[in-house]
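Enquirer: Shown below is the structure under consideration.
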Amino acid sequence: MDIALLSIALHQGQVQQQASLSVMKKAMDQAKGKAELIHQMMSAANVKTLERAVQPHLGGMIDVKA
């Protein structure tokens, strides 16, 4: 094989790996931000309010007929 071709192939592999790591870091940062937001919502908000936001159709009507 030609040394130039080997050099190009090695460089392309390194660039692909760097790009992949960069995308993974960005995804991890976004997930961390979302987790922090959820943590803040859980600590600041009332659990009942949060449950109502997730499942608004539950508990709205109660049948008291015997």
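The values are calculated or read from the model by the stated rules, or taken from the named source; none is laboratory data. Computed from a prediction, not measured in an experiment: that's the story for all the values here. Virtual Cβ from ideal backbone geometry, glycine too; neighbours counted across all protein chains shown.
Enquirer: Exactly one condition in (1) out of contact with any helix residue (DSSP H, G or I) (no Cβ under 9 Å at 6 or more places or on another chain); (2) loosely packed, with under 10 Cβ neighbours inside 10 Å; (3) at pLDDT below 75 is not met by GLU51; state its number.
Expert: (2) is the only condition that GLU51 fails.
Enquirer: Against the condition at pLDDT below 75 and either in a helix (DSSP H, G or I) or surrounded by 10 or more Cβ atoms within 10 Å (Cβ to Cβ) (or both), how does GLY33 come out, does it pass?
Expert: Spelling it out, it is not the case that GLY33 is at pLDDT below 75 and either in a helix (DSSP H, G or I) or surrounded by 10 or more Cβ atoms within 10 Å (Cβ to Cβ) (or both).
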